[in-house]
Amino acid sequence: MTKVLLIDDDIELVEMLREYLQQEGFRVTSVHDGEKGVAEALSGRYQIAVLDVMMPRLNGVEVLRRIRMESRLPVLMLTARGDDSDRILGLELGADDYVPKPCNPRELTARLRAILRRTQMTETEHPREPLSAGALRVWPSRRCAEWEGKTLNLTSTEFNLLEVLARNAGRPVTKAELSEQGLGRALTRFDRNIDVHLSSLRHKLGVLEDGRSCIQTLYRQGYQLIEG
């Protein structure tokens, strides 16, 4: 049974989400402050965490920052509706996705399952490993990647997107395809998740001999991982 950690000081909302998620087959633990949230998230007992941005004392952004210093646990953030700054900052710090509050439990559950599907893929689904593109090596079953022999510290969603690009190295992949295959959901209007995650990936990956990023933006076509 998948274990989900809820980190939110809104007790009424947490209980509602807990009840819904349990009905959907998840095992749920909840904590109501950031310090305990960090400790639980780093305990190794959970497959995914749901984290609220707005919490007293230690807010969700700082909680995420501390989690990412030690763990790649998938994290879905709850943000205030229309607050782009918190959403983008969370994605830049390594959140895998976000849902605006007040949230629909059905949508939250769908987002959680989409993230988990991508993190729990088995080797039999993708037997050809590693995927190679120039100095990049990607092992989907192990969910790890290397650049010039050095391990890349990627979040769950960054790995998902890099895997999609690596499988299509040398040809463009549209944002819609990246969203569907990397995030597990259809691309929506004004959705900047892909752009933010790929910006982070570019910083973590190396550059080509001519100084270009190995992830190129192609006008009206999408993104392409350069093979050479």
For the stretch 157-181 and the stretch 51-107, compute the distance between their C-alpha centroids and round to whole Å. 23
The stretch 101-117 scanned against label point 7 Å out from Met16 along Cα→C-beta; backbone N under 17 Å for 101-110
Taking the C-alpha atoms of the stretch 91-228, how large are the radius of gyration and the largest Cα-Cα span, Dmax, in Å? 14.8, 48
Can you give the local net charge around Thr29? Use residues other than it whose beta-carbon is closer than 11 angstrom to its beta-carbon, Lys and Arg +1, Asp and Glu -1. +4
Using a Förster radius of 30 Å, what is the FRET efficiency between Gln23 and Ala186 based on their Cβ-Cβ separation? Nearest 0.05, please. 0.75
The stretch 57-64 - phi-based ³J(HN,Hα) in whole Hz, Karplus 6.51/-1.76/1.60, Gly and Pro as x: 6, 10, 7, x, 5, 5, 4, 4
Could you rank the peptides 38-50, 137-149 by their average count of other C-beta atoms within 10 Å per residue, with the highest value first? 38-50, 137-149
Mind checking which lysines have their Cα closer than 24 Å to the Cα of Lys3? Skip sequence neighbours fewer than 8 apart in that chain. Lys36, Lys101
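Per residue, what accessible area does the chain have, given a 1.4 Å probe and all protein chains present, in Å²?
Solvent-accessible surface per residue comes out at 49 Å².
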Using only C-alpha positions, report the orientation-averaged shadow area of the convex hull of the stretch 1-133, nm², one decimal. 9.1
What is the percent carbon and sulfur in the accessible area of the stretch 94-228, measuring with a 1.4 Å probe over the protein chains and ignoring ligands? 48
Checking a compactness column here: for the stretch 59-158, what do you get for Rg(Cα) / (2.2 N^0.38 Å), N being the number of residues? 1.23
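Using the crude model of +1 on Lys and Arg Cβ and -1 on Asp and Glu Cβ, and no other charge, please compute the dipole size for the chain relative to its Cα centre, in debye to 20.
Magnitude of the dipole: close to 520 debye.
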What figure, in Å² to the nearest 10, do you get for the accessible area of Asp210 with a 1.4 Å probe and non-protein molecules left out? 100
Relative packing of 51-58, 3-10, which averages over residues the other C-beta atoms within 10 Å, highest first: 3-10, 51-58
The relative contact order of the chain, taking Cα pairs under 8 Å that sit 6 or more residues apart, comes to a percentage of 14
Restricting the stretch 173-218 to GluC sites (Glu not before Pro) in coil, as DSSP defines it, with at most 14 other Cβ within 10 Å: Glu209
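The values are calculated or read from the model by the stated rules, or taken from the named source; none is laboratory data. Remember, predicted model here, so these are calculated numbers, not experimental data. Heads up, the Cβs are rebuilt from the backbone with ideal geometry, glycines too, and the neighbour counts pull from every protein chain shown. The protein model used for the area step is the full one, side chains on, heavy atoms only, and it has no ligands, DNA or RNA in it. Shrake-Rupley method; radii C 1.70, N 1.55, O 1.52, S 1.80 Å.
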